[in-house]
Amino acid sequence: MDKLIAALGLMLVLEGLLPMIAPARWREAFLQIARLRDGQIRFVGMGSALLGIALLLF
């Protein structure tokens with residue numbers, strides 16, 4: 001359980017870096033993502049999940 005909490009904490013740190021360092025660029029990227037179709041967002045989500053699983057396994 002400790003590793004899960006550590007992984008979630010690291011994820012939050014990494015997710016918070018871009019808005020902290022470059023808020024305007026982060027807002028631009030967020031708006032571009034919001035314009036994507038549902039299928040495109042699902043594809044990116046699936047790719048991220050698979051990459052995360054691969055990193056955890058190796």
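Rolling a 1.4 angstrom probe over the protein heavy atoms with all chains in place gives the chain an accessible area of 95 Å² per residue.
Couplings 3J(HN,Hα) of the stretch 40-49, computed from phi: 5, 5, 4, 4, 5, x, 5, x, 5, 4 Hz, in residue order, whole Hz [Karplus 6.51 cos²θ - 1.76 cosθ + 1.60, θ = phi - 60°; x for Gly and Pro]. If the chain linking residue 36 and residue 20 were pulled fully straight, counting 0.36 nm for each residue of separation and taking away their Cα-Cα distance, it would gain 3.4 nm.
In a reduced charge model with +1 at each Lys and Arg Cβ and -1 at each Asp and Glu Cβ, the chain shows a dipole moment near 200 debye about its Cα centre. In summary, the chain shows an alpha-carbon radius of gyration equal to 1.36 times the 2.2 N^0.38 Å reference for compact globular proteins. Report, to the nearest whole %, how much of the accessible area of the chain belongs to carbon and sulfur atoms, 1.4 Å probe, protein only. Answer for the chain is 73 percent, counting heavy atoms of protein chains only.
The values are calculated or read from the model by the stated rules, or taken from the named source; none is laboratory data. Owing to the predicted nature of the structure, the values given are computational and were not obtained by experimental measurement. Here Cβ is always computed from backbone atoms with ideal geometry, including for glycine, and neighbour counts include all displayed protein chains. What goes into the accessible areas is simple: the full protein's heavy atoms, side chains included, and nothing from ligands, DNA or RNA. Shrake-Rupley method; radii C 1.70, N 1.55, O 1.52, S 1.80 Å.
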